[in-house]
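Below is one structure; the comments refer to it alone.
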Amino acid sequence: MPFLRALLPTFLFPALLSASLSSVPVLWPSAKRVNVSTVSALVSAIGSASKGTTIMLADGTYDISKVWPLRFRTDSVQLYGASQDPTKVILKGAGFKSSNTDEELIKIEAVGIKLAYFTLRDGRANGVKLQTGANHWLFIHNVYFIDICERSIKAPDMAISKNGAVEYCLFQQVTPITSDIPNLHMNGDYIAGMDMMKIEGWSIHDNVFKNIRGMNGGARAALFLWNGCKNTTIERNVFIGCDRSVAFGNPSSANLDMDGGVIRNNFIVAGKDISIEVCNSTGSLIASNTIYSTNPGYTRTVCFSNNRVNNLLKNNLVLGKLAVLSGYSPELAGNLSVSSVVTSWFRDVSGGDLHLTSSASLAIDKAVPLSQIASDFDGGMRSSSPDIGADEMGSGALAKSGVETPGPGVLEANPIAGEFSVPVRRASMTYGRKSEWFTAKGQRLLK
């Protein structure tokens with residue numbers, strides 16, 4: 001994947017914004033579309049939508065503080081910003097400092113819901129909530145979550161929701177939590193980016209999480225997965241200044257929180273607390289992540305507690321230390337723990353760009369080869385002597401050794417006009433990605 005310069009506003013990666021929004025894969029609407037430009041029309045369209053409808057939001061600001069929640073109760077309904085620019089379509093709640101801790105802006109009560117190309121901001125409690133459980137195939141693409149005071153995305157203790165995806169999204173807290181906000185929970189530290197229970201087979205990738213912070217430095221993780229999660233992959237994300245970045249499990253839980261999770265190829269610029277936390281987990285792989293910290297003496301940069309067997313911690317580049325507080329220790333190999341601040345090792349620490357420079361000689365070509373980590377943060381191929389951390393220096397663009405060819409059949413539909421499918425026969429590949437499709441203008445279509 002290209003670095004997220006095309007996804008994010010200029011204040012995040014000012015040196016990396018030479019590309020346009022076309023670098024984010026295009027998610028085309030269905031053929032059945034409803035165009036809306038007012039709050040009342042939006043509410044009506046969601047309530048009356050039939051299966052397979054795409055609701056197209058015109059550019060503008062939609063104050064939904066009096067009509068929340070927007071309830072998606074019909075399967076396979078899509079809500080898209082028509083301009084494909086999330087900065088131009090804004091849904092806003094009553095405010096980050098509102099007293100209404102029941103405010104939940106969007107509730108998912110169906111399967112196959114897709115949300116894309118808008119900003120959801122200024123909410124007191126939850127931005128998107130998987131309300132009923134069993135909300136399979138939820139797809140959130142290129143949505144900006146700004147100043148959601150408790151959870152931008154919440155999956156509560158309901159029936160398992162399978163095969164969801166969150167990609168190319170921005171989770172950012174702009175407003176600090178202060179004591180003047182009424183009805184704060186957990187002494188002002190009850191905030192997270194995503195708090196997900198009982199999800200299975202999800203992919204959370206190519207997102208940015210910025211400044212998710214509690215009032216006292218004890219916020220829940222930007223990505224907090226626990227209580228019956230399974231086979232979920234966290235990859236190619238950027239975390240900047242969050243109190244905690246990624247947590248598989250809850251230290252206070254007595255349940256199996258994560259079974260078979262993967263945390264790989266992420267860039268983390270550490271905040272005040274733990275960068276990667278793993279507890280009450282089994283069979284999880286934590287590999288090839290890069291963690292930069294201005295406090296490399298911190299003893300719990302990566303923290304394991306109360307885990308079960310078969311967790312792996314390999315090829316991570318960490319400015320900080322590993323703590324195993326209780327339970328089974330992970331299997332270790334190829335990790336590099338650095339006890340000093342080595343800013344020169346990375347391209348742009350302040351912007352979250354932790355690509356390696358030639359100064360990082362202790363990390364270059366020093367990792368152990370892992371079959372589960374064939375590519376790096378950018379999707380470039382790992383060499384036979386891979387680098388430690390998320391970046392394979394000089395890897396370049398994605399490389400394949402095989403080809404993919406369409407099987408029998410003809411494309412009957414224009415993808416711009418609606419959905420289509422085509423059988424594919426795949427030759428052997430050194431890096432197992434799904435096939436990709438492009439428009440004539442070179443925009444990548446979503447798989």
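Among the polar types (S, T, N, Q), crowded, with 19+ Cβ neighbours inside 10 Å and within 12 Å of the chain's Cα centre (by Cα), is that true of N227? It is false that N227 is among the polar types (S, T, N, Q), crowded, with 19+ Cβ neighbours inside 10 Å and within 12 Å of the chain's Cα centre (by Cα).
Only one entry in S203, S275, S281 is open to solvent by 20 Å² or more (accessible area, probe 1.4 Å) and out of contact with any His (no Cβ under 6 Å at 6 or more places or on another chain), namely S203. Can you spot a residue in the range 317-339 that is under 14 Å from E392 (Cβ atoms), modelled with pLDDT of 95 or more and among the basic types (K, R)? No; the residues of the range 317-339 include none that is under 14 Å from E392 (Cβ atoms), modelled with pLDDT of 95 or more and among the basic types (K, R). Listed here are the strands (runs of 3 or more DSSP E) enclosed by the range 95-183 that have at least 2 residues being surrounded by 20 or more Cβ atoms within 10 Å (Cβ to Cβ) and over 19 Å from the mean Cα position of the chain (by Cα): 104-108, 119-123. Are any of the residues in the range 191-206 under 24 Å from M258 (Cβ atoms), touching a strand residue (DSSP E or B) at 6+ places or on another chain (Cβ under 6 Å), of a type in the set (S, T, N, Q) and touching a residue at least 40 places away in the same chain (Cβ under 8 Å)? Looking through the range 191-206, none of the residues is under 24 Å from M258 (Cβ atoms), touching a strand residue (DSSP E or B) at 6+ places or on another chain (Cβ under 6 Å), of a type in the set (S, T, N, Q) and touching a residue at least 40 places away in the same chain (Cβ under 8 Å).
The set of residues from the range 257-287 being in contact with an Asp or Glu (Cβ under 7 Å, 6 or more places away or on another chain) and on the phi > 0 side of the Ramachandran plot comprises N265, N280, G283.
Could you tell me whether A254 is open to solvent by 20 Å² or more (accessible area, probe 1.4 Å) and either in contact (Cβ under 8 Å) with a residue 40 or more places away in the chain or under 19 Å from L325 (Cα atoms) (or both)? Yes, satisfied.
When L91 is tested against (1) within 19 Å of V166 (Cα to Cα); (2) open to solvent by 30 Å² or more (accessible area, probe 1.4 Å); (3) not hydroxyl-bearing (S, T, Y), only condition (2) is not met. Say whether the condition of being open to solvent by 10 Å² or more (accessible area, probe 1.4 Å), closer than 24 Å to G218 by Cβ and over 25 Å from the mean Cα position of the chain (by Cα) is met by at least one residue in the range 305-313. Among the residues of the range 305-313, at least one is open to solvent by 10 Å² or more (accessible area, probe 1.4 Å), closer than 24 Å to G218 by Cβ and over 25 Å from the mean Cα position of the chain (by Cα), which makes the answer yes. Report whether or not I212 is in a strand (DSSP E or B) and either in contact (Cβ under 8 Å) with a residue 40 or more places away in the chain or out of contact with any Pro (no Cβ under 9 Å at 6 or more places or on another chain) (or both). Spelling it out, it is not the case that I212 is in a strand (DSSP E or B) and either in contact (Cβ under 8 Å) with a residue 40 or more places away in the chain or out of contact with any Pro (no Cβ under 9 Å at 6 or more places or on another chain) (or both).
Checking each residue in the range 269-310 for being in contact with a Ser or Thr (Cβ under 7 Å, 6 or more places away or on another chain) and charged (D, E, K, R) picks out only R308. Does the range 93-108 contain any residue that is closer than 25 Å to N237 by Cα, in contact with a helix residue (DSSP H, G or I) (Cβ under 7 Å, 6 or more places away or on another chain) and touching a residue at least 40 places away in the same chain (Cβ under 8 Å)? No, that holds for no residue.
Being acidic (D, E), out of contact with any Asp or Glu (no Cβ under 6 Å at 6 or more places or on another chain) and farther than 20 Å from D243 by Cβ is true of E104.
Here L332 meets each of (1) aliphatic (A, V, I, L, M); (2) closer than 18 Å to M258 by Cα; (3) open to solvent by 20 Å² or more (accessible area, probe 1.4 Å) with one exception, condition (2).
As for the range 356-372, it holds no residue that is within 19 Å of F239 (Cβ to Cβ), without any contact (Cβ under 8 Å) to a residue 24 or more places away in the chain and surrounded by 18 or more Cβ atoms within 10 Å (Cβ to Cβ). When restricted to residues that are over 16 Å from the mean Cα position of the chain (by Cα) and modelled with pLDDT of 95 or more, the range 231-271 contains 10. Of all residues in the range 315-329, those being open to solvent by 30 Å² or more (accessible area, probe 1.4 Å) and either part of a strand (DSSP E or B) or touching a Ser or Thr at 6+ places or on another chain (Cβ under 9 Å) (or both) number 7.
The values are calculated or read from the model by the stated rules, or taken from the named source; none is laboratory data. Everything numeric here is computed off the predicted structure, so don't read it as measured data. Note that each Cβ is placed from the backbone with ideal geometry, even for glycine, and that neighbours are counted across all protein chains shown. Keep in mind that these areas ignore ligands, DNA and RNA; they rest on the heavy atoms of the full protein, side chains included. Shrake-Rupley method; radii C 1.70, N 1.55, O 1.52, S 1.80 Å.
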